[in-house]
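This report concerns only the one structure given below.
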């Protein structure tokens with residue numbers, strides 16, 4: 001049985017508003033295409049210039065410096081002198097260590113917090129076409145918190161999630177977590193059925 005999230009009174013109010021929209025569209029005082037576009041935005045959780053999401057809570061943005069050519073295997077290593085990395089997962093090694101990224105300009109990343117547990121697909125649906133980030137961006141953020149210093153990355157054991165194309169051009173979820181003694185860098189397929197936890201952070205392209 002489906003649980004109702006609105007009262008009968010609220011449902012009645014909604015029905016009356018919908019009936020009013022239908023009436024005004026039928027009489028021509030509201031344009032059909034405009035009404036349909038507005039309703040689609042509401043269905044997608046967008047109201048004006050703001051978006052209300054049941055899954056992601058916006059926490060703001062972070063600036064990432066421009067970078068030169070980025071060779072993953074020269075940075076993501078437990079021997080790094082820049083960032084204290086204690087472990088790198090096998091999936092990351094297989095899918096990303098041999099990746100080379102072109103130089104990138106200074107960019108802005110959006111930061112969102114998961115309100116509840118979720119698979120990758122609903123998160124990607126919420127982010128839309130602006131989900132992908134880069135290994136270089138992850139590294140720049142790690143450099144600001146090499147030994148658990150305060151910053152935009154979570155250091156409480158929760159995941160910092162980035163969606164990055166692997167060496168074959170397939171999007172994967174790359175995560176970095178602080179595990180007491182250092183950073184753990186991992187990756188899982190976006191088709192994986194494991195859920196991210198509520199409170200985990202998602203970084204995505206902001207523009």
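Residue-wise test of (1) free of Cβ contacts under 8 Å to residues at least 40 places away in the same chain; (2) farther than 19 Å from residue 57 by Cβ; (3) touching a helix residue (DSSP H, G or I) at 6+ places or on another chain (Cβ under 6 Å); (4) not assigned by TED's automatic domain parsing to the domain that holds residue 90.
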site: 107; (1), (2), (3), (4): no, yes, no, no
site: 112; (1), (2), (3), (4): no, no, no, no
site: 171; (1), (2), (3), (4): no, yes, no, no
site: 175; (1), (2), (3), (4): yes, no, no, no
site: 201; (1), (2), (3), (4): no, no, no, no
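Among helices (runs of 4 or more DSSP H) entirely within region 20-135, having at least 1 residues that are over 30 Å from residue 156 (Cα atoms) and modelled with pLDDT of 95 or more singles out no element at all. In this structure, does residue 120 turn out to be under 22 Å from residue 190 (Cβ atoms), outside the structural domain of residue 43 (by TED's automatic domain parsing) and either in contact with a strand residue (DSSP E or B) (Cβ under 6 Å, 6 or more places away or on another chain) or surrounded by fewer than 18 Cβ atoms within 10 Å (Cβ to Cβ) (or both)? When the stated conditions are applied, residue 120 passes them. Among the residues of region 146-162, those that are out of contact with any helix residue (DSSP H, G or I) (no Cβ under 6 Å at 6 or more places or on another chain) and either free of Cβ contacts under 8 Å to residues at least 12 places away in the same chain or closer than 15 Å to residue 113 by Cβ (or both) comprise 149, 150, 152, 154, 155, 156, 157, 158, 159, 160, 161. Listed by position, the strands (runs of 3 or more DSSP E) enclosed by region 160-207 include none that has at least 3 residues that are under 11 Å from the mean Cα position of the chain (by Cα) and farther than 23 Å from residue 64 by Cβ.
When residue 147 is tested against (1) part of a loop (DSSP other than H, G, I, E, B); (2) closer than 21 Å to residue 96 by Cβ, just one condition goes unmet, and that condition is (2).
The values are calculated or read from the model by the stated rules, or taken from the named source; none is laboratory data. All values reported here derive from a predicted model rather than from experimental measurement. Backbone-built Cβ (ideal geometry, glycine too); neighbour counts: all protein chains shown.
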